[in-house]
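Contents: one structure, followed by commentary.
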Amino acid sequence: MKLAIIGLSNSGKTTIFNALTGQNADVTIYPTVSGEPNLGIVKVPDDRVDRLAEIYSPKKLTYATVEYIDYVGLTKGDVAQNRKVFDMIKDADAIVHVVRAFEDDAVLHPMNNVNPVRDVETLEIELIFGDLELAERRLLRMEEGIKKGKKPNDAEKRLLLKCKDALEKEIPLRNISFDDEEQKAMKHLQFVSTKPEVVVLNVGEKDFNTKREHELLGKAKEYFESKYKDPLPVIRALNKLSARPSTKNFGAPAYYSLLSLCGKIEMEIAQLNSDEAKAFLDDLKISEPALNKLIHVSYDLLGLISFLTCGEDEVRAWTIDRGANAQKAAGKIHSDIERGFIRAEVINFENFISCGNMATARDRGLMRLEGKGYEVKDGDIINFRFNV
């Protein structure tokens, strides 16, 4: 999973990046329009992997991973400058939209004052304008091709016109329904407003865990609900006291999640060792650090789950789409296993832990043999039988 961290300049993007990755990338107090992107790969925290490692003492322990990319901030009204950012993030699975909600006179705001809802709308509009410019450019090329005698791709032209119509109405493409053929045709276009979005309100220390933080989160949620009534997007508002989010689908093809955190505090936590970090979290009454929380939200937003494989050689978590069948999951490990799939030996993690070992699980009838069409569940421990 690849997540692109975006936002207006001085929203705290790089602070959030440091909090998520444990890195120490330079944080500036003034807007920048150039530089190299920050890249970081982090392990997905998974207590199930840790527990299986205790049982098997494997030679190798492999967690699922998330890649984060952080680049310069977006600039209001500057399509050419913003295109650099869009080109950098176009292959990301989702975007993490950092919104400044903290007051600090030492850190310049590109629009002169802090107004989270205005900034949310501003960045949404920049994503839309970026996609509109892309759609218009491709349509213009088609027209030029027609003049030269080149036959146009009618399906793509219809798709581009559909996208252009929505974008001109300032509707992001993630809020528009596309059939399977249209979605397939859109992949190479790499529109950025199609990407699922996690909106992160970066609050100040004085607002941390206060009524003010809750109010800011509520106002952001109200913005999305009022802006996109038809179709109504999937919106989940979370704060740092929330448990893992549960999917609440209102029936629309749009995807948003909202959460709030204090980037400055989270970055400090990320620099501590595990014992110090736990004590700090407990003291601040934070249920889990930003890294864990954002990953949970992102998995939920993208419809991802993890299945597990285990043994003395390796304990490993594998990320797949929710709803994927056993044969598809086998292909995540190796194409030969998918091609030669025979059966999947499956046991739920909790059932396995209650038994303590596979032999007891089999004796109790908790180990099941499933065919290629079996829908893999989050936390399934699977051993694939195959023949090639």
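The values are calculated or read from the model by the stated rules, or taken from the named source; none is laboratory data. What you are looking at is a predicted structure, and each value in this text was computed from that prediction instead of being measured. A quick note on method: Cβ atoms are made from the backbone with ideal geometry, for glycine too, and the neighbour counts reach across all protein chains shown.
Some points to look at:
- Scan the stretch 137-170 for residues that are outside any helix (DSSP H, G or I) and at pLDDT below 90 and the total you get is 6.
- The lone exception for residue 365 - which of (1) in a loop (DSSP other than H, G, I, E, B); (2) at negative phi it fails: (2)
- Only one entry of 132, 139 meets the criterion of being free of Cβ contacts under 8 Å to residues at least 60 places away in the same chain and more than 29 Å from residue 297 (Cβ to Cβ), and that entry is 139.
- Residues (without any contact (Cβ under 8 Å) to a residue 60 or more places away in the chain and farther than 14 Å from residue 328 by Cα) located in the stretch 364-388: 364, 365, 366, 367, 368, 369, 387, 388
- Just one of the numbered conditions (1) surrounded by 20 or more Cβ atoms within 10 Å (Cβ to Cβ); (2) at pLDDT below 90 is not true of residue 178: (1).
- Among the strands (runs of 3 or more DSSP E) confined to the stretch 268-360, the ones with at least 3 residues that are surrounded by 14 or more Cβ atoms within 10 Å (Cβ to Cβ) and more than 23 Å from the chain's Cα centre (by Cα) are located at 341-348.
Yes/no per residue for (1) farther than 19 Å from residue 263 by Cα; (2) modelled with pLDDT of 95 or more:
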{"residue": "13", "(1), (2)": "no, no"}
{"residue": "43", "(1), (2)": "yes, no"}
{"residue": "46", "(1), (2)": "yes, no"}
{"residue": "52", "(1), (2)": "yes, yes"}
{"residue": "95", "(1), (2)": "no, no"}
{"residue": "102", "(1), (2)": "no, no"}
{"residue": "116", "(1), (2)": "no, no"}
{"residue": "120", "(1), (2)": "no, no"}
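- When 96, 72, 49 are screened for being under 23 Å from residue 301 (Cα atoms), β-branched (Val, Ile, Thr) and in contact with a Lys or Arg (Cβ under 8 Å, 6 or more places away or on another chain), only 49 passes.
- Residue in the stretch 141-161 that is under 30 Å from residue 201 (Cβ atoms) and surrounded by fewer than 17 Cβ atoms within 10 Å (Cβ to Cβ) present: no
- If you go through the stretch 143-167 and pick out every residue that is of a type in the set (A, V, I, L, M, F, W, C) and either without any contact (Cβ under 8 Å) to a residue 12 or more places away in the chain or out of contact with any Asp or Glu (no Cβ under 8 Å at 6 or more places or on another chain) (or both), you end up with 4.
- Residues (of a type in the set (D, E, K, R) and in contact (Cβ under 8 Å) with a residue 24 or more places away in the chain) located in the stretch 34-89: 46, 48, 51, 59, 60, 67, 70, 76, 83
- Once the stretch 269-327 is narrowed to residues that are farther than 30 Å from residue 372 by Cα and among the β-branched types (Val, Ile, Thr), the residue that is modelled with the highest pLDDT is 269.
- Out of 135, 101, 106, sole residue that is within 21 Å of residue 17 (Cα to Cα), of a type in the set (Gly, Ala, Ser) and out of contact with any Asp or Glu (no Cβ under 9 Å at 6 or more places or on another chain): 106
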